[in-house]
Structures are given as structure tokens and as C-alpha cells.
Amino acid sequence: LPAVPAVLKKRLVKLVVNFLFYFRTDEAEPIGALLLEHCKVTKEEENIFSISFIEEPERKYCFECATEEQCQEWVEALKRASYEFLRRSLIFYRNEIQKMTGKDPLEQYGISEEARFQLGAHRQ
């Protein structure tokens, strides 16, 4: 069976932490948002990337950029936007600082032993 053609719509997008808001070009308020958790960002073509979600792999959001460079910038920014990426980065850098200095850099912020154990327990 032939694939159903995708409906293309011009939208403005704005990345805020781990939400990708999208707007109609003539409106100031967003018409929707994608929570960038448990998702896969894929560069499809020269200036096209997609976002799909683990829970709904059949649903894919495609985005076309003006240039390949712009597309690559979006892909990299979106891959770094998830809470899980930030959590893994925090654990990695915390361990690296602790190796270099012999001190836990989060200790000064009153992070308890239990919280340190929980952060370390989720390593993958």
C-alpha cells in the first residue's frame, strides 16, 4: 500500500529545557509542545530531522531546516535536551571532579548520602 502523504505545515519552534514548543507563524502563543523524553532524534536527510517517541514509534514528527548546518545544530541541541541526558552528564562530571579533587562537588549543597547513592545507582 502506498504511504499516506504527510501534511506539511510551516511552524516556528522554540526549545525550552526539554520542551519543544511550536507556533503558527502569525501567533505569539504556542499551539503545542513536545516533551523531549524517551524520544529519538534522527537526521533524515541533508536538512531534515525527525523526532519519534519510544511509546509511539509509528508517530514521527519531521522538521525541515533552511540549511544542513542549521539541521545539525537542532539535532545536537535536541539530543542534549532530555532530563535523562542532563542527569547522566551530572553524574559523569561529578565523578570526574571527585576523581580530580578527592571531594564530592555536590556536598557543599547539602546533598545527602541517600541522594548520592540514588544518583549513582541509576548508571547505565
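General remarks:
- Scope region 37-57; condition open to solvent by less than 30 Å² (accessible area, probe 1.4 Å) and in contact with a helix residue (DSSP H, G or I) (Cβ under 6 Å, 6 or more places away or on another chain); matching residues: Val41, Phe49
- Residue satisfying all of: in region 1-17; charged (D, E, K, R) and either open to solvent by less than 100 Å² (accessible area, probe 1.4 Å) or at pLDDT below 90 (or both); nearest to Phe85 (Cα to Cα) among these: Arg11
- Among residues of region 18-35, those that are open to solvent by less than 80 Å² (accessible area, probe 1.4 Å), in contact (Cβ under 8 Å) with a residue 12 or more places away in the chain, assigned to a strand (DSSP E or B) and not hydrophobic (A, V, I, L, M, F, W, C), counted: 1
- Region 58-68, subset open to solvent by 70 Å² or more (accessible area, probe 1.4 Å) and not charged (D, E, K, R), residue nearest to Lys79 (Cα to Cα): Cys62
- The C-beta contact set for region 89-106 (first residue in a loop (DSSP other than H, G, I, E, B), second residue among the small types (Gly, Ala, Ser), distance under 9 angstrom, 6+ apart or interchain) comprises Leu106/Ala115.
The values are calculated or read from the model by the stated rules, or taken from the named source; none is laboratory data. Because the structure is predicted, anything quoted here is derived from the model rather than measured. Virtual Cβ from ideal backbone geometry, glycine too; neighbours counted across all protein chains shown. To get the accessible areas, we keep the full protein, side chains included, count just its heavy atoms, and leave off ligands, DNA and RNA. Shrake-Rupley method; radii C 1.70, N 1.55, O 1.52, S 1.80 Å.
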